[in-house]
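The values are calculated or read from the model by the stated rules, or taken from the named source; none is laboratory data. Just so you know, these numbers come straight off a predicted model, no measurement behind them. Cβ placement follows ideal geometry from the backbone for every residue including glycine, while neighbour counts extend to all protein chains displayed.
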Amino acid sequence: MLSSQRALFDIPREVCFLNAAAWSPLPLAVQEAGRIGVGRKGQPWKLDARFMAEQHERARRAAAALIGAEPVDIALIPSVGYGVSTAGKVLDVPRGSRVLVLENDHTSPVLEWMSRAAAGGFTVEPVAQPADGDWTSAVLEAMARQGAAPLALVSVSSVHWSDGGALDLPRIAAAGKAQGAALLIDATHDAGVRRIDVKTLDPDFLIFPTYKWVLGPYGRAFMYVARRHQDGVPLEQTAPARKGVSAEAKIYFRDLAYADGARRYDMGERDHFITLEMAAVGMEMMAGWGNDPIVERLSMLTDRLADGLANSGVRVLDRKLRAPHLLCLAFPKGMSDDLPQKLAAENVYAAPRLGRLRISPHVYNDEEDVDRFVEVFKRVAL
């Protein structure tokens with residue numbers, strides 16, 4: 001099991017931060033990469049001509065390593081929403097078909113399809129949030145529903161952000177393939193923690209940002225694109241997306257054919273001296289620790305939380321249904337609106353989400369944090 005990595009972060013001992021699912025603190029090494037990046041932007045004449053291309057590929061390799069992909073299949077993008085909009089431009093959703101999403105899922109894998117449905121002549125069907133937290137069974141039942149319109153796309157988060165329910169992606173992917181449906185995965189709350197292998201899973205698109213679980217900055221995200229979709233038209237029209245458009249060349253528009261691989265889907269203004277390297281450093285740290293040691297540690301912490309909160313009047317999902325790194329507390333009598341503020345007043349941080357309290361430890365947390373949360377929670381909430 002991975003040991004606590006608190007020493008690699010700037011977190012005072014009296015701070016109990018259990019809110020990685022909102023945003024993670026930056027490791028000291030990532031902060032330093034940002035400072036160095038600011039210095040580079042301050043004196044750009046010192047940049048080697050190869051620096052930007054090398055930085056792009058370092059980040060691409062780091063993202064690919066987290067999900068079992070090849071770097072050529074990774075696009076550099078600014079957000080999950082950007083990636084889903086790209087998928088919306090590339091995927092063909094036939095008229096009369098349906099797109100399956102999760103009820104109360106985050107906006108990114110949902111709103112793109114809702115905005116296209118009327119003009120596209122298809123329907124968006126939300127899978128109702130299951131009372132028992134078993135999202136996998138609920139999704140599979142919706143996919144197999146008799147008499148429903150043909151299933152064109154399953155566009156879902158792999159872990160539901162509000163209740164911590166974890167989807168069994170291999171089962172969902174297999175069921176979708178049997179119906180000829182495409183699969184888009186928002187892996188915001190999964191990449192870097194639970195093991196993902198896109199070579200085995202074979203989604204059409206898988207997208208994740210860096211500012212939560214992979215210890216990076218805002219504004220950086222990565223999109224895996226299956227090779228069957230690498231001949232589409234990008235969301236933006238940029239010089240790097242083409243094979244031969246270069247300000248340095250004697251002929252500016254030499255070859256307008258799109259670049260090979262997922263690089264054609266890279267965002268415009270991708271030369272982020274500062275944050276792209278920060279993102280790479282954070283992802284490299286996560287890959288270095290490995291999925292299994294991380295999951296073992298975070299499962300231990302959430303199990304300890306669940307045990308400590310037993311008989312306190314809150315409900316949590318069954319261990320086999322929840323993600324190892326999120327524990328969401330449901331309050332049968334309703335959660336007090338000021339509970340998060342009461343916890344924060346004690347330097348204990350968790351997030352209110354749709355009437356639940358979402359607790360999300362990361363590698364910097366330890367048993368002392370868990371025990372302190374339980375003690376403070378019982379004192380201020382009960």
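Being touching a residue at least 40 places away in the same chain (Cβ under 8 Å) and in contact with an Asp or Glu (Cβ under 7 Å, 6 or more places away or on another chain) holds for only one residue in ALA323, ALA221, ALA241, ALA226, and it is ALA226. The strands (runs of 3 or more DSSP E) found wholly in the range 169-285 and carrying at least 1 residues that are among the basic types (Lys, Arg) and under 28 Å from ALA53 (Cβ atoms) occupy 242-245, 253-258.
Within the range 210-225, identify whether any single residue is over 30 Å from LEU26 (Cα atoms) and buried (at least 21 other Cβ atoms within 10 Å of the Cβ), and answer yes or no. Checked the range 210-225: no residue is over 30 Å from LEU26 (Cα atoms) and buried (at least 21 other Cβ atoms within 10 Å of the Cβ). All of (1) over 28 Å from ASP260 (Cβ atoms); (2) touching a helix residue (DSSP H, G or I) at 6+ places or on another chain (Cβ under 7 Å); (3) among the acidic types (Asp, Glu) hold for ASP202 with one exception: (1).
Scanning the range 161-201 for residues that are among the charged types (D, E, K, R) and over 17 Å from the mean Cα position of the chain (by Cα), we see that the one that is farthest from VAL225 (Cα to Cα) is ARG171.
Quick one: which of SER115, SER24, SER79, SER108 is polar (S, T, N, Q) and over 30 Å from PRO361 (Cα atoms)? Exactly one of SER115, SER24, SER79, SER108 is polar (S, T, N, Q) and over 30 Å from PRO361 (Cα atoms), namely SER115. Applying a threshold of 8 Å to beta carbon distances and a minimum spacing of six or more residues, or different chains, the list of pairs starting in the range 336-347 at a residue that is free of Cβ contacts under 8 Å to residues at least 60 places away in the same chain and ending at one that is charged (D, E, K, R) reads SER336/LYS342. Among the residues of the range 20-46, those identified as among the hydrophobic types (A, V, I, L, M, F, W, C), over 19 Å from TRP213 (Cα atoms) and touching a residue at least 60 places away in the same chain (Cβ under 8 Å) are ILE36, VAL38. Tallying residues that are touching a residue at least 40 places away in the same chain (Cβ under 8 Å) and within 15 Å of ASP105 (Cα to Cα) within the range 137-166 yields 12.
A quick yes/no check of all residues on (1) part of a loop (DSSP other than H, G, I, E, B); (2) β-branched (Val, Ile, Thr); (3) modelled with pLDDT of 95 or more:
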position	(1), (2), (3)
LEU2	yes, no, yes
ILE11	yes, yes, yes
GLU14	yes, no, yes
PRO25	yes, no, yes
ALA29	no, no, yes
GLY34	no, no, yes
LYS41	no, no, no
TRP45	no, no, no
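Listed conditions (1) in a helix (DSSP H, G or I); (2) closer than 26 Å to GLY164 by Cα; (3) of a type outside the set (Ser, Thr, Tyr) are all met by VAL101, apart from (1).
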